[in-house]
Amino acid sequence: MECSQTPSRLRRIVSLALLCAGLAAAPAWAGGGSAGTGAKATVSSKDYEVYRSGSPADALPPRPASNLLVLMGGGIDVDDAFRAMIAKARGGMAAKVDVVILRTSGADGYNPYLMAMDGVDSVESIVLKSRAGASAAEVLNLVARADVLFIAGGDQSTYIAQWAGTPLEAAMKDAVARHVPFGGTSAGLSVLGQFDYSGANQSVSSATAMGNPYDRNVTLDRSFLNALPLMAGVITDAHLVTRDRMGRLVTFLARLSADGWAGWPALRGIGVDEETAVVVDGDMATVMGNDDGQGGRTGRAYFLKPTMAPTTVQAKKPLTFRSLQVEKRVAGGHYNVATWPTESPYFISVETGVLMPNPY
């Protein structure tokens, strides 16, 4: 489970978002976590709920010429990343766009936040309550009509269990094929690589993962959304610095190699911190953040590439995995995720369960 925000912080964020509703030029701090406005669902059934804000009519902007993928690391959402998705969907035209949010918990937290942004015609937050909901005609129709599609934070194990292999997954893939801007935050980020940390039991710490790469909580999956553009061989992780997750991301890469899911030369890791978005437009990833209130920007992302096979990946034995190349980018930085070049690298290793040097 990769919950993106604490309850007290969510209340503060939602209040700010509601104050900003209708003020498109103002910063709109997100209320996209589990909290909502308290409004009743527009549509409610035992399998799903829909919370609609704005016009129910289809906005029909032009189809984008290429994909845009947003990898967001949880915490407070990155305003500029959503603006990039909206701008991509509008294609430089005056037409507004319909945004669809997918989740398995929460409510309409994103609706006022996104409705306050320029160019948004409607926001429809779909809360899937069961696997049957992922086959519901209304759900599939909304996804088919989406101009921007985004997976909220929550619990990625429910996304995999309820959505993998369903008509909803097929509809999401169709949207990406139509170049609909697509992304996710926190748990939503966790399912965007070819390989996923599923969190099927409970969240695992870096220390536990490195101490035993086959701990019961090191749960990996490759059944869901495993062919997104430029995500071949990639596994992601959110809240990277805030929750000290570099060690477990390295462990995930070691397991993927040891278990034969991919050869080590093909494996890649993307770690994204809170208040950070990696916006992939074409081949280029741009790191975005928010105003940090001190004259700078939040935003830290890490692009990992093994340089050799892991040495020791065994049950109940500490991990040894040496010389992984890291390319760190902060807000405003760029990295080519088609070629994964060596530009300004540093190297980290796990030696008998200990990560060194400081990976951040």
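Derivation of every value follows stated rules applied to the coordinates shown; laboratory data play no part. Small disclaimer: the values here were computed from a predicted structure and weren't measured. Please note: Cβ atoms are built from the backbone with ideal geometry, for glycine as well, and neighbour counts cover all protein chains shown.
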Treating every alpha carbon of the chain as one equal point scatterer without solvent, the Debye formula yields log10 I(q)/I(0) values at q = 0.08, 0.11, 0.12, 0.15 Å⁻¹ of -0.36, -0.68, -0.82, -1.26
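Between GLU138 and THR311, what FRET efficiency follows from the Cβ-Cβ distance if R0 is 45 Å, with the result rounded to 0.05?
Numbers: r = 52 Å, r/R0 = 1.15.
Calculated value: 0.30.
Could you tell me the calculated FRET efficiency between SER205 and SER349, based on Cβ-Cβ distance and R0 = 25 angstrom, to the nearest 0.05?
0.85
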With θ taken as phi - 60° and the coefficients 6.51, -1.76 and 1.60, list the Karplus ³J(HN,Hα) couplings across segment 352-357 in order, rounded to whole Hz; mark glycine and proline as x.
6, x, 10, 8, 8, x
What lysines sit close enough to LYS46 to cross-link, taking a C-alpha to C-alpha distance under 18 Å and skipping anything fewer than 8 places away on the same chain?
LYS129
Among the aspartates and glutamates, which fall within straight-line cross-link reach of LYS96, defined as a Cα-Cα distance under 18 Å, with same-chain neighbours fewer than 8 residues apart omitted?
ASP58, ASP79, ASP80, ASP118, ASP121, GLU124, ASP147
How big is the gap, in Å, between the Cα center of segment 305-344 and the Cα center of segment 188-207?
17
With unit charges on the beta carbon (Lys/Arg positive, Asp/Glu negative), name the residue among ALA137, GLN294, GLN194 whose Cα is farthest towards the positive pole of the charge dipole of the chain.
GLN194
Under the 0.36 nm per residue contour assumption, what length would be gained going from the current alpha-carbon distance of ALA57 and MET284 to full extension?
78.4 nm
Relative packing of peptides 263-270, 338-345, 82-89 - highest average C-beta neighbours within 10 Å first
82-89, 263-270, 338-345
If we sort 236-247, 317-328 on the protection proxy, mean other Cβ atoms within 10 Å, highest first, what's the order?
236-247, 317-328
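State the extension gain, in nm to one decimal, for the chain segment bounded by ASP118 and ALA227, taking 0.36 nm per residue of separation less the distance between their alpha-carbons. Working shown, then result.
Numbers: separation 109, 0.36 × 109 = 39.24 nm, distance 3.13 nm.
Taking ASP118 through ALA227 to full extension adds about 36.1 nm, to one decimal.
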Step through the residues of segment 49-66 one at a time and calculate ³J(HN,Hα) from phi using the Karplus curve (6.51 cos²θ - 1.76 cosθ + 1.60, θ = phi - 60°), rounding each to whole Hz and writing x for Gly and Pro.
10, 10, 10, 10, 10, x, 6, x, 6, 6, 6, 6, x, x, 6, x, 7, 8
Can you bin segment 245-287 into rounded, prolate or oblate? Criterion: square roots of the alpha carbon gyration tensor eigenvalues sorted a ≥ b ≥ c, rounded for a/c under 1.5, prolate for a/b above b/c, oblate for the rest.
oblate
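Count charges around MET117 for me, please; just the other residues with Cβ under 14 Å from its Cβ, Lys/Arg as +1, Asp/Glu as -1.
On the way: positive: ARG83, LYS88, ARG90, LYS96; negative: ASP77, ASP79, ASP80, ASP98, ASP118, ASP121, ASP147.
That sum, taken over residues with Cβ under 14 Å, equals -3.
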What whole-number distance in Å separates the alpha-carbon centres of segment 221-285 and segment 132-154?
24
